[in-house]
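> I have a structure here, written as structure tokens, and I will follow up with some questions on it.
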Amino acid sequence: MQTQVLNNGLLSFEDRRVSQAHTNEHWDRLTTAQRFAFYTLAKLGYQLLFVRQTPTTSTAIAKQEDQLATIDDDGDIDFNPDIILRERRPPRKQ
């Protein structure tokens, strides 16, 4: 994901995909309601992929084989989310 960064008065872009959070970091970003909901998904074989955070909400994304599920801040699970994941690219060589 690219974000705009103001650097010395100039606008530049920062690619945050190069550093990926570990599973524990994702877990720490879940709300209590999301954690309880994820226990249900884990019993079904889902794995937590990541947590998308905005200033006002967070959405957990989980996957089992080709099936995605999302969990909102309140712990509501959507087994048919309207999202598309981009393919993971290998890290850039510096």
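The values are calculated or read from the model by the stated rules, or taken from the named source; none is laboratory data. Small disclaimer: the values here were computed from a predicted structure and weren't measured. Don't worry about glycine lacking a Cβ; one is built from the backbone with ideal geometry, like all the others, and counts go over all protein chains shown.
> Out of all the residues in the stretch 44-69, which are touching a helix residue (DSSP H, G or I) at 6+ places or on another chain (Cβ under 8 Å) and β-branched (Val, Ile, Thr)?
Val51
> Okay, moving on. Take the conditions β-branched (Val, Ile, Thr) and at pLDDT below 70 and apply them to Thr3. Does it pass?
So Thr3 fits the description; yes.
> Is one or more of the residues making up the stretch 20-28 surrounded by 15 or more Cβ atoms within 10 Å (Cβ to Cβ) and modelled with pLDDT of 90 or more?
no
Condition check ((1) surrounded by fewer than 13 Cβ atoms within 10 Å (Cβ to Cβ); (2) within 13 Å of the chain's Cα centre (by Cα)) across all residues:
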site	(1), (2)
Phe50	no, yes
Ala60	no, yes
Glu65	yes, no
Leu68	no, yes
Asp72	no, yes
Asn80	yes, no
Ile83	yes, yes
Glu87	yes, no
Pro90	yes, no
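> Return yes when Ile83 is at pLDDT below 90 and among the β-branched types (Val, Ile, Thr) and no when it is not.
So Ile83 fits the description; yes.
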